[in-house]
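Laboratory data are not the source of any read-out in this text; all were calculated from the coordinates shown. Everything numeric in this text was worked out from a predicted model, so none of it was measured. Backbone-built Cβ (ideal geometry, glycine too); neighbour counts: all protein chains shown.
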Amino acid sequence: MLVLQDVTIASEEKEILNNVNLEFGPGIHFIVGPNGAGKSTLAHAVMSNPSYKTEGGISFDNQDLTELATWERAQLGIFLSFQNPTPIEGLSNFRLIKEALAMGSTSSIMDKLSGFRGLARDLNLPEGWDKKELNVQASGGEKKKNELIQLSMLDPQVAILDEPDSGLDVDAINDLIEQLQQFAAEDKTIIIISHYEKLLKSFVPTTVTVVANGTTHQTTDITTVDRVLADGFKDFA
Ligand code: ADP
Ligand code: MG
């Protein structure tokens, strides 16, 4: 269970969210909210992005995360796919996976590479995708597909997906939905930030969180999704 207790998140200039109290257990969770409300900020704070100053309690399976670096949180099994994946020159798509899996993995490099290539092929990514530099001169959809490969290969306990649908073609959206359904069946925790109706309608969420007006409102009332899709966020003013 990922728990945020009375969390406040600020950038250098301003407070972005306060009074954040959230619990994410196994299952699918949605996070929605107007543009600029702080959804991505929340996701980054969970991973300890140093751009933000975060106060309050964050724990995972009763382990205090607040003093842990990003990589330590990742090692505990928490994964974030970025809304806007960052290009890193000189680091290939496969190298990232290889390094991330280096600790604690028993499969050989060749098995990992063939697994990677299989996933890239299934997602119709160009030949040689494993050698391409991470998010360098990649289209929006290709970057998102790459994050899907990372998700699949790293196999986290908690996946936070920040607008995973943006830029994906229909086939890739279907792959994404299938993969998330499989994750949910394995009792993992999946947190989806999205407003894309097809994606939201593909799951029955355990909780829905609305981020608005500088704070978060989490509910198990799943009709919130329909209300938001139909009427927007005016009820949360
Ligand atoms: P959302 O994902 O809900 O659209 P964001 O979390 O990206 O919103 O942004 C929330 C607000 O915080 C916006 O006003 C944004 O400009 C601001 N913000 C986000 N990150 C930073 C940062 N690193 N420094 C300064 N302001 C930021
Ligand atoms: Mg965002």
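Applying both filters, DSSP loop and at most 10 other Cβ atoms within 10 Å, to the GluC sites (Glu not before Pro) of region 1-87 gives Glu12, Glu13, Glu67.
With a simple spin-label model that places each label point 7 Å from the Cα along the Cα-to-Cβ direction, the separation between Ile222 and Val136 comes to 4.4 nm.
Scanning residues 5 or more positions from Ile160 or on other chains, those with amide H under 5 Å from its amide H are Phe79, Leu80, Ser81, Ile191, with H placed 1.01 Å from N in the peptide plane. What you get for region 1-72, charging only the Cβ of Lys and Arg (+1) and of Asp and Glu (-1), is a dipole of about 300 debye around the Cα centre. Adding -39500 (n - 2.57) for every DSSP H run of four residues or longer, then dividing by how many residues the chain holds, sets the calculated 222 nm ellipticity at -10000 deg cm²/dmol.
Size estimate for the chain follows the Kirkwood approach: the inverse of mean 1/r over distinct Cα pairs works out to 18.4 Å. Largest GNM mean-square fluctuation among Pro126, Pro164, Pro156, using the chain with Cα springs under 10 Å: Pro126. Helix 140-154 and the longest principal axis of the C-alpha atoms of the chain enclose an angle of approximately 80°.
Using a simple spin-label model with pseudo-atoms 7 Å out from Cα toward Cβ, Glu23 and Ile109 lie 4.6 nm apart.
Please give the FRET efficiency for Glu178 paired with Glu13, using the beta carbon to beta carbon distance and R0 = 35 Å, rounded to the nearest 0.05. Here the calculated transfer efficiency is 0.30. For the pair Leu154 and Ala230, a Förster radius of 35 Å applied to the C-beta separation gives a FRET efficiency near 0.45, rounded to the nearest 0.05.
What separates the Cα centres of region 155-200 and region 84-115 is a distance of 21 Å.
Between 0 and 90 degrees, the angle of helix 109-122 with respect to the longest Cα principal axis of the chain falls at about 70 degrees. Of the GluC sites (Glu not before Pro) found in region 148-237, the ones in coil according to DSSP and having at most 11 other Cβ atoms within 10 Å of their Cβ are Glu186.
At an R0 of 25 angstrom, the distance between the Cβ atoms of Val170 and Asn84 translates into a FRET efficiency of 0.70.
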